[in-house]
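Enquirer: This structure is in structure tokens; I'll ask about it shortly.
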Amino acid sequence: MKYLVIDIGGTFTKYAVMDENAAFYEKGKIPTAKESEEGFLHMIEELYERYRDDAEGIAISAPGFIDGERGFMRTAGSIFCVHDLDIVPVLESRLNIPVTVENDARCAAVAEMDRGSLKGCADAAVIIIGTALGGTIFCGGRMLRGKDLFAGEFSYMLSDADDARNPKKLLAETAGAPALIRLAAEETGISEEELDGEKVFGMAQNGDARVLKALRRYTRRIAAHIMNCQFMVNPEKIAVGGGISVQPLLIQYIREELAEICKCYPHAIPVPEVTVCQYYNDSNLIGALCVHLSRRK
């Protein structure tokens, strides 16, 4: 059996035809429809029409506050035309095919728990570094959602108690990938517009002391967040994902910073075990499929 799997992003929507073993038969992407809610739904319907003869179901990964069990999208991240949308009942009624939806960071986490770097763990956390900071926490093998679906929404965590009313001090601003660009610009004097992740890591790998200092400051912020996760849920492993997670230097520095932080405690504190997400850019698609298969058993 094959499935249409859709990963909705703020700029582009990726899609794939996959089987139950997560094998890819076709992949592509289109601009995300953001002008109206009906246009957003029509985008999904058009994708389905392309693959009607192949798809036995539609699995959706999307940003925002999502009640996956109910099939309800309270928000959709930067896709502001979508709010309070019962997307699963609406699409199932229109297309007469099983549909599931789940938050994108949670999909990435499910992929890692089901068949990736966290397979076999009962207690684990996933941190997805992108424009902001997404994530998911698992306890006893179950995903934590919370009363208002806020569990794992690391972006909204506070990073400065003395300036807690300042939205610029939310973790999204201080630890998202753009924060690394800002730190590198600050250390080098190069404008943010001239830098991107690839250039920053290229300079770091070439031994640029200024960029290495920026990377050290940045990974200390990520490490501090990981330590907070350690004391809140004490996971067996924490997997780091997102585009920049493919850079070995990022994970190396995070591990080094964690080791240094743990030395500061008056009692022996185990250093959190950090790994990298296995599936990188395909994790949302694979996780969305895993969610669909589990809910449609």
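Enquirer: Say each of Glu260 and Ala23 gets a label point 7 Å from the Cα, pointing the same way as Cα to Cβ; how far apart are those two points in nm?
Expert: 4.8 nm
Enquirer: Return one number: the angle in degrees, 0 to 90 and rounded to the nearest 10, between the long axis of the Cα atoms of helix 209-233 and the longest principal axis of the Cα atoms of the chain.
Expert: On a 0 to 90 degree scale, this one is about 70.
Enquirer: Given the pairs Lys14/Lys213; Lys29/Lys213; Lys169/Lys213; Lys14/Lys168; Lys168/Lys213, which are separated by over 25 angstrom at their Cα positions?
Expert: Lys14/Lys213; Lys29/Lys213; Lys14/Lys168
Enquirer: Under the rule of -39500 (n - 2.57) per DSSP H run of 4 or more residues, summed and divided by the residues of the chain, what mean residue ellipticity at 222 nm is obtained, to the nearest 500 deg cm²/dmol?
Expert: Taken over the chain, the calculation gives -12000 deg cm²/dmol.
Enquirer: Restricting to the chain, what percent of DSSP beta bridges are antiparallel, rounded to 5?
Expert: 60 percent
Enquirer: Follow-up. In whole percent, and with a 1.4 Å probe on the protein chains, what portion of the accessible area of the chain is carbon and sulfur?
Expert: Heavy-atom surface of the chain belonging to carbon and sulfur, 1.4 Å probe: 50 percent.
Enquirer: Before I look further, what does the chain give for accessible area per residue, probe 1.4 Å, in whole square angstrom?
Expert: Averaged over the residues of the chain, the accessible area is 47 Å².
Enquirer: What do you get for the angle between helix 177-188 and the principal long axis of the chain? Use alpha-carbon atoms, 0 to 90 degrees, nearest ten.
Expert: Once rounded, the angle reads 30 degrees.
Enquirer: What dipole magnitude, in Debye to the nearest 20, does the stretch 1-147 give about its Cα centre under +1 on Lys/Arg Cβ and -1 on Asp/Glu Cβ?
Expert: The calculated dipole for the stretch 1-147 is roughly 480 debye.
Enquirer: Another question, if that's okay. For an R0 of 51 angstrom, estimate the FRET efficiency from the Cβ-Cβ distance between Arg216 and Phe80 and round to the nearest 0.05.
Expert: E between Arg216 and Phe80, to the nearest 0.05, is 0.90.
Enquirer: Name the most mobile residue of Arg220, Arg145, Arg50, meaning the one with the largest mean-square fluctuation, in a Gaussian network model of the chain with Cα contacts below 10 Å.
Expert: Evaluated over the chain, the most mobile residue of the options is Arg50.
The values are calculated or read from the model by the stated rules, or taken from the named source; none is laboratory data. Because the structure is a prediction, the values reported are computed rather than measured. Positions of Cβ are backbone-derived with ideal geometry, glycine not excepted, and every protein chain shown enters the neighbour counts. All accessible areas refer to the heavy atoms of the entire protein, side chains included, with ligands and DNA or RNA removed. Shrake-Rupley method; radii C 1.70, N 1.55, O 1.52, S 1.80 Å.
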